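Worksheet for the structure shown next.
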Amino acid sequence: MSSNSWAPARPPKGAPPVRINLYSDTQTRPTPAMKEAMMRAEMGDEQHGDDPTVWELCDRMAALTGKEAAMFLPSGTMCNVIAILTHCQKGDEVVAHETSHILHSEGGTHAALTGVQIMGLKGARGMFSPDDLRAAIRPKTRYTPPQRLLEIEQTANIGGGAIWSLQTLNELTDIAHEQGWATHMDGARLMNACVSAGIPASDMVAGFDSVWLDFTKGLGAPLGAVLCGSNEFIGQAWRWKQRLGGSMRQGGVCAAACIYALEHNIDRLADDHANAKALARGLAQIEGVVVEDPDTNLVFFDIKATGKSVPQLQETLLKQGIMVSGLGGRVRACLHLDVTAAMIPETVSAIRDALAA
Ligand SMILES: *Cc1c(COP(=O)(O)O)cnc(C)c1O
């Protein structure tokens, strides 16, 4: 393997198995019951328009989000890319938070492929206010980039899984629409916000022209995200899905896992939120650890005052089969359906010992 490869490294041979995987909510494995549902799935040819299971998933997602239409895609990143390609022209400007996934975690796609520029707004916990948005509106002159899209992450990932309130969302989307912009929600963890806030998804996303949900983030599916919007938006988005190679064939086998997740793995997100709170309470007792009370399933904590680095902590924990991630200089622990309440006390004491050693 040449040293300039961007491919992910394989785990070293003989590495101890990971028992408590808090690295990401993408680290779940499909359960036997989900695999059963996949085995029973009726299938056709998705890009030919005749896979009944993909249609069923899309119908359910359109109903859940209160939109006219939906489209099944392999990943959340492809949802963001296709939504931006559909809403914007090259040279347009997208307004988003400065910590957003489209700015930091999509490999520079928007410079490389969509040709938009992204204005990153500041604000605590991955969020900004209606006043911040008003202050970002540019005069419409031939000198300024045409502002075209407001993009919001619900929940805000780097913001610690924080939830934008429904009132703020509605004010923000009203401002954007007054300016003639479109509105797009990166809803990778939308259902975490809906379950925690007790607000139906269709209300939460009412002000958004497009929204997507990731089925690999805490919902347990092996693949898939669904992008929703108007008939016209989804009709236009299909051209980009086809161009990018995101059109599938026997997609029903994967769509069945997503339908299973909608039926069985949404309400239980509340367990992940309770486990996140328990973990944060435990971590708050450790000297030198600074942790925020989590809104949802992501727990970010700062260990600078302990004198240990994030990679040092990760390495010590990994030897005990516990995996956490480092993001933006902090440690991130993600709660999901393969992490049980019984694993929390062990995790807290392992972190306490690792930081004291
Ligand atoms: C994970 C994530 C994405 C990308 O989703 P993939 O399915 O990994 O491509 C986009 N936005 C946010 C906020 C995410 O957390």
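Every number in this text was worked out from the coordinates using simple rules, so none of it is lab data. Keep in mind that what you see is a predicted model, and the values were worked out from it rather than measured. FYI the Cβ positions are ideal-geometry reconstructions off the backbone, even for glycines, and counts take in every protein chain you see.
So if I take the centroid of the Cα atoms in the range 271-312 and the same for the range 155-200, what is the distance between those two points in Å? Computed from Cα coordinates, the inter-centre distance equals 24 Å. Dipole orientation for the chain: of the candidates 175, 102, 197, 102 has the Cα lying most toward the positive pole (charges on Cβ; Lys, Arg +1; Asp, Glu -1).
With the helix formula -39500 (n - 2.57) applied to DSSP H stretches of n ≥ 4, the chain reaches a computed 222 nm mean residue ellipticity of -11500 deg cm²/dmol.
Amide H contacts of residue 182: 149, 150, each under 5 Å away and 5 or more positions distant or on a separate chain (H built 1.01 Å from N in the peptide plane; Pro and chain starts excluded). Here the Karplus curve 6.51 cos²θ - 1.76 cosθ + 1.60, taken at θ = phi - 60°, turns the phi angles of the range 101-110 into couplings of 4, 5, 7, 10, 10, 10, x, x, 3, 6 Hz, with x standing for Gly and Pro.
Annotation: amide H of residue 337 has no partner in the under-5 Å range at sequence separation 5 or more or interchain, hydrogens built in the peptide plane.
Percent of C-alpha pairs per 5 Å bin in the range 95-142, short distances first: 5, 20, 25, 21, 17, 11, 1. Using the Cβ of residue 180 as centre and a radius below 10 Å, the other residues enclosed give a net charge of +1, where K and R count +1 and D and E count -1. Here, P(r) means the percent of Cα pairs in each 5 Å bin from 0 to the largest distance; for the range 268-356 it is 3, 16, 28, 29, 18, 6, 1, 0.
A dipole drawn for the chain from +1 and -1 charges on Cβ atoms has a positive end, and of 328, 155, 280 the residue lying farthest that way is 328.
Each DSSP beta bridge with both residues in the range 32-264 is either parallel or antiparallel, and the antiparallel ones are about 40%. Dipole magnitude of the chain about its Cα centre, charges +1 at Lys/Arg Cβ and -1 at Asp/Glu Cβ only, in debye to the nearest 20? Result for the chain is approximately 1140 debye, rounded to the nearest 20. Under the classification rounded if a/c is under 1.5, otherwise prolate if a/b is larger than b/c and oblate if not, where does the chain fall, given a ≥ b ≥ c as square roots of the Cα gyration tensor eigenvalues? Verdict is oblate for the chain. Under conditions of 20 °C and 1.002 mPa s, the range 12-65 yields 148 µm² s⁻¹ as its translational diffusion coefficient, taking Rh as the Kirkwood radius over Cα pairs in the Stokes-Einstein equation. Relative to the Cα centre, the charge distribution of the range 154-220, modelled as +1 at Lys and Arg Cβ and -1 at Asp and Glu Cβ, gives a dipole magnitude of about 320 debye. Magnitude of the charge dipole for the range 61-156, about its Cα centre and with charges confined to Cβ atoms of Lys, Arg (+1) and Asp, Glu (-1), is about 280 debye.
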